[in-house]
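Below: one structure, written as structure tokens.
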Amino acid sequence: MSAAPQKAKAGAEKIEVIVSAVVPVNDLVTRFEFRRPDGAPFPPFSAGAHTVVEMKDQGRTRLNPYSLMSDPADPSLYAISVRRDDQGRGGSLFLHRQVKPGDRMTITYPVNLFPVDLRGRKHVFLAGGIGITPFLAMIAQLEKLGARWELHYSVRNAALGSYAGDLTARHPGKVRVYHDDQQQAIPLGDLLDGQPLGTHVYVCGPKGMIDWVHRTATEHGWPKDNVHSEEFLAPQPGTPFEVRLCKSDMTILVGENESLLEAMERCGVDAPFLCRGGACGQCETDVVDHDGSFIHRDHWLEDDQRASGKKIMPCVSRFVGPTLVLDR
Amino acid sequence: MTIQFNDETFRGDYSFRNSPWAIKRFPFPFHEDSYMYSVNMEQHRGGPAGSVFEKRFDVDEHYVSEMRDRALVLAEDPLRCQSLPHMTLAGWDLLELIMVSKSEDYPDLFELHRDGDRWRWVNKPLGIDDTFTFMDETTLPYGPLEYITRQTQGDFAVLDQRDDNLWMDAGMVTTQADWSLDFDIGMNFFEWHAPVPLAHELGIFKRALKFLMNVQQGAPARRLNWTMTVNPLLDTSPENYHKWGIQKTELTAENIGAKQHLRVELQTFYRLPRSNALVFPIRCYLIAFQDLVTVPKWGRRLHRVIRDLPEELATYKGFIANRPLMIDYLSRHDDGLPTSPGVWADLETEPPLQK
Ligand code: HEM
Ligand code: FES
């Protein structure tokens, strides 16, 4: 242990917001704008960042990440655009059907897993459908910095091209829109070949499109580090599970939105910890017995330790199954 | 409380002193009687009232004099502050983080008035009252990184995060424990840590890097590091080794209590919002052995730690030659009694020295 370990909750800090506007963009996409109830400015963010929106939907909590599309220079609001996914797990349906202006919601501080490489001499954005959202923030940011960029935006048809009209009107020379229904496609090979040295490419869209861009860029001799794609690590609330703690002689339930460590602390067990982020090793705990599978999310255990089923790091890792007995 | 700022030097006549207040709140880095490298990171969201962990950027009695020392170093060697072109935005991020934190945490010392991009910054201890345009470098006397770190204790490494690594692409480094920004600039996490013994083999850097890349906005982290310095020198840089290295040979049994200092770094980690860079403030605290042993627990423990420290670490930290002198001095402050767990002084509960 070191100085004064803090029992602060792991993960990103939360922000309470009020839904200030719900704006239909087209048949499938709706924009949600948030303000802070006390009118305070939002934390600044970097283009490419997402926020995780907490939704209380019939007794369970959904946590869905959405790219922040508003101008990073405007701290008065955050905005996201959400495509209705009729087949999906329900987060987008909840937002489309239940959320109204004036509602209070909780979102996380921005997290950026898709940052702009500011060393880039030029930035080429490749968007597919709703994948346009992070680029709206990037464009706003790069315009302020006076950096070179261009956008190639592939949409199903003109009616579903969210923000396509706005973008072409505002940046005529820099935006090209391609319509699937008119058999238009991004001329990727030529595009990649024609770029000056030091260009960075960013892709956000369906998985097939992302793979296509990475593959083609490699074939055309692009350095791996100059091609960026959004990797959404969907946040992991996880199913509740029961744990037997031998030494403390109690059985506790780990809720869907708390970590195993937090559940132990809630029940008065004095469990060791330091980083609360899976790196320091302090919380390492012996598994006495288990029936089920571990979801290891730490950076601490070695592969063979994980395979042995004898160790778990309660600050970040979870378990699925009927029986877990810990030496704690 | 209001802070009385010392008028003191970290060179020449070395008039640096710690008040009883500063001694009591010194960040003693050892939580047990031995020491080895570890992934000793924890969240940085406050700490006990009055401790150096309480505020985001601790300001203490040495503030004004430390800033004067930094100005002297920069006048001789401007390369102590560098920022690669893509790091300017991170510089503004840092300026904002510090101005907002200090004005909130020390409203009697610092004020920030924001009207859109028009900002007024008042730094009372240093007598500064500047109005400038946020994100417009031409309205400040220095770049944003240099401007704000000339007014903030501690060194600053600003790391760009890309390609699954951290890159030292900017910094202000004038109070360092024998490493050089000019040498490390542009290096990645593994490259600049290459000289450190044992820690690579223990897998410490691999895990630490993963943790750091995951540090999120609004959720800073911290750790402590330590070394030894003869005379209260802030600038123990490789650039000036010819000036301070020789002072290590001037240690004697008579002067060690006053001259030998434990040097502790409070290192914090913040995600910067606009640039997505990581800033690594390294705040240096010095304490003379003779002051440190006024806390009985710390005297006992420091003796045991230094006596049993692996040779590789004593060599890397640069005090292997003086270790016998240190052990001799410290052993007189260790009566062999057990020590309480944790870093705190525990003055009320730990017995006085029994010899
Ligand atoms: C991104 C933030 C960090 C920066 C910029 C940084 C920088 C440095 C530098 C410049 C050195 C001196 C190397 C030399 O001899 O030239 C050093 C030493 C060291 N660093 Fe880091 N470091 C960082 C984070 C960490 C973390 C998170 C750990 C975690 C455990 C760590 C562990 C160490 C250790 C053990 C040493 C040797 C120190 C000694 O024995 O005095 N560093 N670091
Ligand atoms: S508390 Fe650090 S690994 Fe769990």
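Only the coordinates and a few stated rules stand behind these numbers; no lab work does. Treat the numbers as computed from the prediction; the structure is a model and nothing was measured. Cβ: placed from backbone, ideal geometry, glycine included. Neighbour counts: every protein chain shown.
Its Cα centre serving as origin, the stretch A:247-328 has a Cβ charge dipole (Lys and Arg +1, Asp and Glu -1) of approximately 100 debye.
For the stretch A:14-112, the relative contact order works out to 39 percent when only alpha carbon pairs closer than 8 Å and six or more residues apart are counted.
Taking 7 Å steps out from each Cα toward its Cβ at B:Ser15 and A:Lys56 produces label points 6.2 nm apart. Over the C-alpha atoms of the stretch A:122-230, the Rg to Rh ratio, Rh being the Kirkwood estimate, stands at 0.93.
Positive end of the dipole of chain B (Cβ unit charges, origin at the Cα centre): among B:His113, B:Tyr285, B:Ala90, the Cα lying farthest that way belongs to B:Tyr285. Residue-wise HN-Hα couplings along the stretch A:308-318, as the Karplus relation 6.51 cos²θ - 1.76 cosθ + 1.60 with θ = phi - 60° gives them from phi, are 5, x, 10, 9, 8, 9, x, 6, 10, 9, 10 Hz; Gly and Pro carry x. Note on A:Ala147/B:His113: beta-carbon distance plugged into 1/(1 + (r/R0)^6) with R0 of 25 Å gives a FRET efficiency of 0.25. Pairs spanning more than 24 Å between alpha-carbon atoms, out of A:Lys122/A:Lys224; B:Lys102/B:Lys297; B:Lys24/B:Lys259; A:Lys14/B:Lys210; B:Lys55/B:Lys210: B:Lys102/B:Lys297; B:Lys55/B:Lys210. Just want the answer: with Cβ charges of +1 for Lys and Arg and -1 for Asp and Glu, which residue in A:Ile186, A:Gly173, A:Val201 is farthest toward the dipole's positive end in the stretch A:170-283? Most positive-ward Cα: A:Gly173. With Rh defined as the Kirkwood radius, the inverse of the mean 1/r over Cα pairs, the Rg/Rh of the protein assembly as shown is 0.99.
Extending 7 Å from Cα along the Cβ direction at B:Thr2 and again at A:Asp27 yields two label points whose distance is 7.1 nm.
From most to least packed by mean Cβ count within 10 Å, the peptides A:304-311, B:323-330, B:26-33 give B:26-33, B:323-330, A:304-311.
Taking every alpha-carbon pair under 8 Å whose residues sit at least 6 apart, the stretch B:115-201 reaches a relative contact order of 16 percent. For chain A, the relative contact order is 15 percent, taking Cα pairs closer than 8 Å that sit 6 or more residues apart in sequence and dividing their mean separation by the residue count.
In order along the stretch A:213-225, the Karplus-derived 3J(HN,Hα) couplings, from 6.51 cos²θ - 1.76 cosθ + 1.60 at θ = phi - 60°, round to 5, 4, 5, 5, 4, 4, 4, 8, x, 7, x, 3, 6 Hz, and Gly and Pro are given as x. Given +1 at the Cβ of Lys and Arg, -1 at the Cβ of Asp and Glu and no other charges, the dipole of the protein assembly as shown around its Cα centre is 960 debye to the nearest 20. In vacuo Debye scattering of the stretch A:99-157, one point per C-alpha: log10 I(q)/I(0) at q = 0.22, 0.29 Å⁻¹? With no solvent term, the Cα-only Debye profile gives -0.95, -1.25.
In straight-distance terms, cross-link reach from A:Lys310 covers every one of the lysines whose alpha-carbon lies under 17 Å from its own, apart from those fewer than eight places away in the same chain; here that gives A:Lys247. Can you give the longest run of chain A that contains no GluC sites (Glu not before Pro) sitting in a DSSP loop with at most 11 other Cβ atoms inside 10 Å? That would be A:1-230. For trypsin sites (Lys or Arg not before Pro), the sites in the stretch A:80-132 that DSSP calls loop and that have at most 16 other Cβ atoms within 10 Å are A:Arg84, A:Arg89, A:Arg119, A:Arg121.
Extents of chain B, largest first, come to 64, 45, 39 Å (Cα atoms, principal axes, whole angstrom). Rg over Rh for the stretch A:241-326 works out to 0.91, using Cα positions for both radii and the Kirkwood form for Rh. Between the residues A:Pro110, A:Gly48, A:Ala73, the greatest Cα displacement towards the positive end of the dipole of the stretch A:14-112, with unit charges on the Cβ of Lys, Arg, Asp and Glu, is found for A:Pro110.
Working from label points 7 Å from Cα in the Cα-to-Cβ sense, the A:Lys224 to B:Asp335 distance is 6.1 nm.
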